[in-house]
Amino acid sequence: MSRTRRVNCIIPPHLLDKLLDSEHTGVRKAALDTMLTTARLRGERGLRASFVGAASAGNGRRTVFDCQQGRLLPTATLAQSEDGAASTDESVRRAFDGLGTTRDFYRTVLQRNSVDDRGMRLDGYVHFDVKFNNAFWDGRQMVFGDGDGTLFTDFTRSLDVIAHELTHAVTEFTAGLAYHGQSGALNESMSDVFGSVVKQWSLNQSAEVADWLIGAEVFTPEIDADALRSMKAPGHAYDNELFGKDPQPDHMSHFAHLPDNERGDFGGVHINSGIPNKAFYLTATNIGGSSWGAPALIWYESLKASSIDTQFQGFADTTHQKAEELYGAGSNEQLAVLAAWQEVGIQVSGVPAGVARDLGRAGRNGAPGRTAGQDTGGAARDDGLTALNRQIDALASQVASLSKAMTAMQREHVTRG
């Protein structure tokens, strides 16, 4: 199967584009250098992609290398491995620990053996280039820039960024979602989802308590911004003169139709990901408790059941189906999924629009979902089933009327005959 693979970077092109208009020479230069280096890496990506399937197995063994501000990964020096002593370099230790936490999450929670489910080694490279404002997964390894110190900090500081990038590998080895348009936005969203879930798991935070921010540690204290993205409130992660306003939509009515090229973010993959991001946030908070329980399992199983060209509608339908398979028809989990997609403007195929309306309204009003330990039924399930039963009764009545009409027509035909 042919798959579109790219260097997956945490900083979207539209942010770097904005920085090129800065009045500060240093900011413009750092942005330009980052864009040029990223373009060069994309040019090399095709060669790397041919070796993806040959990545050596090693039970998820971690190795971190120090690029020492160089750009050539083969010349980087070994900094920390599973068998060696802990490095004195904070960036090395953070990268090593972040790789381990993400690996342990997938192994412990989702029973996945490293990103490829075959024990693929996890290699990380720190101190890449000079003032490189990005972090990326290139198909074989994770690479971290130090940031320019003015706008961006060392990218190893953010666990959800590390988990985000490694999840691109998980997606590549499962659905292989093509990196453009809606499938690309789903690709980015899957990385945001599990980036946030890994962080919440590591902190033992409930869905209600979590901040749902992606890359909150990436900006320097001088920058007036919460994070790169907000899953709870897409479009509200930042709003300042330097970066402009966060362009992410949280509803299909605001879907951004952008060119399918680098300047257009390949159809807005980092922008339109706000829609499925919000759907996952709503699902998790409507269910209540930990996001790494039912919500993560539903999304993970749906990812594995998806294909290279899966669109928003198809993914929504799959999450509904997986929720039923895992937790039962009409379960609180399934109704939470229905209400979440409804809230972002996507109605699950084949489901009457009235189902989950009450649950969706509760989400809009900020009412909390079920907390850990509560019955998975409750009012949400009752309301949804009541609506569904009404629809079934109405259909049954229509069928009965049609049956009577057909019987009458047959009798009349016999009489005339």
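Each value in this text was obtained by applying a stated rule to the coordinates, not by laboratory testing. Source: prediction; values computed, not measured. Cβ placement follows ideal geometry from the backbone for every residue including glycine, while neighbour counts extend to all protein chains displayed.
Within the same chain, lysines fewer than 8 places from K232 are excluded, and of the rest, those with a Cα less than 21 Å from its Cα are K199, K245, K278. By the count of other C-beta atoms within 10 Å, a proxy for reagent exposure, R103, R140 are ordered fewest to most as R140, R103. Here the dipole of the stretch 83-126 is about 180 debye; that uses its Cα centre as origin and unit charges on the Cβ of Lys and Arg (positive) and Asp and Glu (negative). Among the trypsin sites (Lys or Arg not before Pro) in the stretch 220-273, those placed in a DSSP loop whose Cβ has at most 12 other Cβ atoms within 10 Å are R263. Taking the Cα centre of the stretch 183-333 as origin and assigning +1 to Lys and Arg Cβ atoms and -1 to Asp and Glu Cβ atoms, the resulting dipole is close to 280 debye. Rounded to 0.05, the FRET efficiency of the R71 and D17 pair, given R0 = 22 Å and the Cβ-Cβ distance, is 0.50. Counting every other Cβ atom within 10 Å of each residue's Cβ, V170, V143, V351 order from fewest to most as V351, V170, V143.
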